[in-house]
Each structure stands twice: as structure tokens, then as C-alpha cells.
2 protein chains.
Amino acid sequence: MTSAPHGEGAAGPGFWDGSASRVALLDSAVLCFARTGFHATTTRDITAAVGLSPGALYVHFPSKEAVLFEIARTGHRRALDALRAQPDDGDSRAHLRRLVVALVTWHARHHTLARVCQYELAALEPEHLATVLELRQEFTDVMRAAVERGARAGVFDVPDVNRAVRAVMSLGIDLVRWYRLDGADPPATMGEVYADLALRMVGAPGD
Amino acid sequence: MTSAPHGEGAAGPGFWDGSASRVALLDSAVLCFARTGFHATTTRDITAAVGLSPGALYVHFPSKEAVLFEIARTGHRRALDALRAQPDDGDSRAHLRRLVVALVTWHARHHTLARVCQYELAALEPEHLATVLELRQEFTDVMRAAVERGARAGVFDVPDVNRAVRAVMSLGIDLVRWYRLDGADPPATMGEVYADLALRMVGAPGD
């Protein structure tokens, strides 16, 4: 068993649960799904890339779809954890800034995995999709609560909370389409830049 | 030959050049590529959906990749045409507003086609990809010139023109991931809402 080439797409220690083989299979599947899409990826593509036999996948997962579900569920959970880890000291502006920094930094750091989480969901079975959509709803709820509170307090000037939340999240999510870790801006810089833009969008620009 | 189911994804009169069969094949390919990705789509999928024989595709295109190239090239050209059709009366703020309305309205109206143009480019052969990337560069150049001029005139407050342009375009492009024509906001409304947000991002909010 070998790790994914160049470690590209490897989610890092503690991201996936389970044995080294299971982790290697998940990292490999992320790369395969991101490169050629879920439907065009075979289980053999996933196992061959990490030097395992074709049958090895079925030791850990009942199907290729179950691999995608594990990627999508864990990916969304980890992103949600990153949001929920942000402290809230009652300052709406500072709180939203922290949330956007967390959202953007996470998506930049995990851009390959996040691409799969954004673009391959249509391949999930209905009950798996429902689970992932629940996690997405929780994610949106955290962002919406932050924008709503600032708007109610008169700190933000937001004509439509739902549209503003969608736009702030769009900004963070779209970077998974084009972002590369070897580009000009490291994840933390992306986070700061986009937090400034998000605060402008909610009508609470910096000084 | 039948048209694509429910006309979903049909680009509309005058969008594609060529015979009715060629147009039907392109509309069908857009739907297939958007649903299951380029790699998992067979030429038979494309022809069967419009009631043509498998060989019919090769009357019009040398390969499945050539179909994708035609979709990507024409899609990018039409979007660029929509930007270039916007008048410029020398008012930086009004000009950028028009460009964002055009960008967002076009991507909302053609969201299925635009999804293929955004997510399937990696499947293009190198020289075809180069052609499409040139069109994308022209598109970015139009947006950048508009932001740059407003910044130079002191109408916009933009710490970094390239990042601001990327963010404004991200906002417009990301909607192809989630936008549906049967949703709450018609394309023109999306255009107005996102133009307001874009002007806030460049530090020139409305009154």
C-alpha cells in the first residue's frame, strides 16, 4: 500500500476514522472522483492508485457509492466543526469575520475533497443525500444566525438575509473550483481577504 | 428526432450554429454532461435522448470531445458577447453594474450549459483547452478593465483589483452550481441582487 501521489488531496491526520488502508482508500477516492467524476471512476481505479487489490475496497465499504457517502458526510461534518469551533463574544461583526475566515480557510485547505463534496452529490442514494443535505442545512443555519443577529442589532445593513448568506457562502465555496495550494494566496490569506469582502457585502466594511 | 425532455438545458434559438440535428445533439450533450459528467457519458446516451441513431453524432462531430469543445467554445463566446453588448457611458459605477447584471443573468439563464463550461473543462484536449482559456481570459479582462478604471478614478475602493475581480466573478459563476429556473429568483432579479453586492464589494455601495 502506498499513499496518494504527492499527498495531493490527502486530508491529513485525524480527518478520516479507521485503519491505514481505509484512510488510504478514502484519500485515493477523493483524488479519483475530483479528477474524472464519480461515475467514470471504477473501484479498481481507487485501489490501484494506493497499491491495493481490487477486492480491498469491499473489506471497508459495501460499494463505491458508500465511499462517496463517507467522503461527503465526513467532509461536511469537519467543515461544520470548523465553523462551530469559532468563539462568539457577542460582537456580530467579529463573529461573522471569524466564521468567514473559518469557512474559506477550510475550503481552501481541503479544496480537492471539497470539490467532491460540492460537485458529486447527485450520485448519492436518496437517503445518503438526505443526510448530507441535513448537514448542509446546519452549516447554512450557523451562517444565517450570525448574519441575522447583526442585521437585527443594526450592525449589518442587509436587504435580504437569505440572499446575503447565500452570496457569502458562494464566495467561499466557489474557490474549490479554481483554488490550488501552490497559488499566490495561502488558505489563511484567502480567509482574511474574503472576510473583508463578506463584511462589505453585509454593509459593515472595515475602517 | 425529438427535442430534449422539457426543453431543460435547451440553449434557445440562434445559440448553436447548424442544422436541427446538430442543435439537438448539442442540447442533449449539455444535459448528459451536466447530469453524469463527460467521462461517464457515451455518444449513445447523447443520440438516444433525441431519438437519433448512435452513428448520427459522427455526421456532425469527429468525437465526443469535439462535442464538449463546441459546447465550451460557443458557451464562452456567447457569455463574452453578452458582456461586450453592455454600453459604457464613462460612468464606472453604472458600467460595472451593467456588466455584473449581464454576467449573472447569462449564467442564471444558461445555468445547465454554464455548469458544463465550468466543471468539465479538464476533459478537453490541450489545444482545445487553450482556446477556451483564451476566451476566459478575454472575459476576465473586460471585468478587470471596468474595476481598474473605477479604482483609478477613485469611484471604487479596492485594495487588490485582481482579487476583487475574481470575487465578483465567483459570485456570478457559483450560481450555476445551485441555480434552478423554477426557484424563487428569476435571472434578472439575480442580476440586480448580485450587482448590488458586487458594488458593495468594490466599495461603491448604492444609496
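Against the condition touching a His at 6+ places or on another chain (Cβ under 9 Å), assigned to a helix (DSSP H, G or I) and crowded, with 18+ Cβ neighbours inside 10 Å, how does B:Val132 come out, does it pass? Against the criterion (touching a His at 6+ places or on another chain (Cβ under 9 Å), assigned to a helix (DSSP H, G or I) and crowded, with 18+ Cβ neighbours inside 10 Å), B:Val132 qualifies.
In this structure, B:Ala34 does satisfy being of a type in the set (A, V, I, L, M), closer than 29 Å to B:Ala184 by Cβ and within 14 Å of chain A (Cβ to nearest Cβ).
Remark: pairs (first residue in the range B:178-190, at pLDDT 90 or above; second residue among the aliphatic types (A, V, I, L, M); Cβ separation under 6 Å; 6+ apart in sequence or on different chains) = B:Tyr179/B:Ala108; B:Pro187/B:Ala108; B:Met190/B:Val104; B:Met190/B:Ala108. Select from the range A:154-207 the residues that are part of a helix (DSSP H, G or I) and among the β-branched types (Val, Ile, Thr) and write down the one among them that is farthest from A:His111 (Cα to Cα). Selected residue: A:Val161. Is at least one residue of the range B:54-71 closer than 28 Å to B:Ala198 by Cβ, out of contact with any strand residue (DSSP E or B) (no Cβ under 6 Å at 6 or more places or on another chain), touching a residue at least 12 places away in the same chain (Cβ under 8 Å) and of a type outside the set (Gly, Ala, Ser)? Within the range B:54-71, one or more residues are closer than 28 Å to B:Ala198 by Cβ, out of contact with any strand residue (DSSP E or B) (no Cβ under 6 Å at 6 or more places or on another chain), touching a residue at least 12 places away in the same chain (Cβ under 8 Å) and of a type outside the set (Gly, Ala, Ser). Only one of the listed residues (A:Val67, A:Val59) is farther than 23 Å from B:Tyr119 by Cβ and of a type in the set (Val, Ile, Thr). That residue is A:Val59. So, in the range A:136-160, of the ones that are under 20 Å from the mean Cα position of the chain (by Cα) and of a type in the set (Lys, Arg), which residue ends up farthest from the other protein chains (Cβ to nearest Cβ)? Out of the qualifying residues, it is A:Arg144.
From A:Arg115, A:Arg144, grab the single residue that is in contact (Cβ under 8 Å) with a residue 40 or more places away in the chain and assigned to a helix (DSSP H, G or I).
A:Arg115
Scanning the range A:158-167 for residues that are more than 11 Å from B:Asp174 (Cα to Cα) and of a type outside the set (Asp, Glu) yields A:Val158, A:Pro159, A:Val161, A:Asn162, A:Arg163, A:Ala164, A:Val165.
Taking the conditions (1) more than 19 Å from B:Val168 (Cβ to Cβ); (2) hydroxyl-bearing (Ser, Thr, Tyr); (3) surrounded by 15 or more Cβ atoms within 10 Å (Cβ to Cβ) in turn, A:Thr140 satisfies each one other than (3). Each residue in the range A:186-207 was checked for being among the charged types (D, E, K, R), more than 8 Å from chain B (Cβ to nearest Cβ) and in contact with a helix residue (DSSP H, G or I) (Cβ under 9 Å, 6 or more places away or on another chain), and 1 pass.
Among B:Leu57, B:Leu113, which is modelled with pLDDT of 95 or more, in the same structural domain as B:Gly154 (by TED's automatic domain parsing) and at negative phi?
Values: B:Leu57 fails: in the same structural domain as B:Gly154 (by TED's automatic domain parsing).
Going through B:Leu57, B:Leu113 in turn, the sole match is B:Leu113.
Against the numbered list (1) within 20 Å of the chain's Cα centre (by Cα); (2) assigned to a helix (DSSP H, G or I); (3) outside the structural domain of B:Asp182 (by TED's automatic domain parsing), B:Arg77 comes up short only at (3).
Of all residues in the range B:118-137, those satisfying the criterion of being hydrophobic (A, V, I, L, M, F, W, C) and either touching a Lys or Arg at 6+ places or on another chain (Cβ under 8 Å) or at pLDDT 95 or above (or both) are B:Ala122, B:Leu124, B:Leu129, B:Ala130, B:Val132, B:Leu133, B:Leu135. Against the conditions (1) buried (at least 17 other Cβ atoms within 10 Å of the Cβ); (2) within 14 Å of the chain's Cα centre (by Cα), B:Lys64 satisfies every one except (2). Only residues that are at the interface with chain A (Cβ under 9 Å from one of its Cβ atoms), surrounded by 17 or more Cβ atoms within 10 Å (Cβ to Cβ) and over 21 Å from B:Leu199 (Cβ atoms) were counted in the range B:161-185, giving 1. The listed residues are B:Arg73, B:Arg77, B:Arg98, and the only one of them that is buried (at least 18 other Cβ atoms within 10 Å of the Cβ), of a type in the set (D, E, K, R), away from chain A (no Cβ under 13 Å) and on the phi < 0 side of the Ramachandran plot turns out to be B:Arg98.
Among residues of the range B:34-54 being part of a helix (DSSP H, G or I) and modelled with pLDDT under 95, the one that is surrounded by the most Cβ atoms within 10 Å (Cβ to Cβ) is B:Ala34.
The values are calculated or read from the model by the stated rules, or taken from the named source; none is laboratory data. Everything quoted here is computed from the prediction, not taken from an experiment. All Cβ positions, even for glycine, are placed from backbone atoms using ideal geometry, and neighbour counts span all protein chains on display.
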